[in-house]
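Taken together, the values in this text are just the output of simple stated rules run on the coordinates, not laboratory data. None of the values given here were measured: they were computed from a predicted structure. Don't worry about glycine lacking a Cβ; one is built from the backbone with ideal geometry, like all the others, and counts go over all protein chains shown.
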Amino acid sequence: MTDPSRRLPIPRARTLLTLACAAALLAGCGRGDSSWNPLRWGSGQRSAPSTLDPAGGYVRDEARPPVAQVLSARWEPLVEGRLLVVEGIAPTKGWWNAELVSNTQQPTGKMLPDPDGVLRLRLLAVPPRPGSPDAIRAAQPVADTITAALTLSTAELRRIDAVEITGAANAIALRR
């Protein structure tokens, strides 16, 4: 029969050996630039931003021209907000990539109205390539309408009293 007091040192030795290995491993991470360095874990140091560009980006000139005429605008209900649906017509066939773009620079992911409570938008689209068959064929109002939509959350709608959508030839105002 073995003496139980003889077995106790072996588990203690294993524990000490495990702690010694862990300490040696962490000592290898002792350089100041390692994220494994335990001396940096609570310091709250963060890496510097990779760019000096503003969060929303710089104001850029939009290459897309406005759609010739805005035909209609309407609200569609959503679970959390509303969908603004705008239809327009271009002078020729083949216009694509339509989008509602704010007249003023907006924060990323938000739509804020001007100080008077009006959200001013432009209906823009990409025209067909010059010389293409679509560029010389006139658009037909029934078949060639351009539709763009913009989702507005309930929080964004609280600040908006009206929306004004502008095309090249006209504008439509829509009350909230």
Can you tally the net charge around residue 112? Count Lys and Arg as +1, Asp and Glu as -1, for every other residue whose Cβ sits under 13 Å from the Cβ of residue 112. 0
Charge sum, other residues only, whose C-beta stays under 15 Å from residue 72's C-beta, Lys/Arg counted +1 and Asp/Glu -1: -2
Where in region 80-166 are there trypsin sites (Lys or Arg not before Pro) that are in a DSSP coil and have at most 16 other Cβ atoms within 10 angstrom of their Cβ? 110, 137
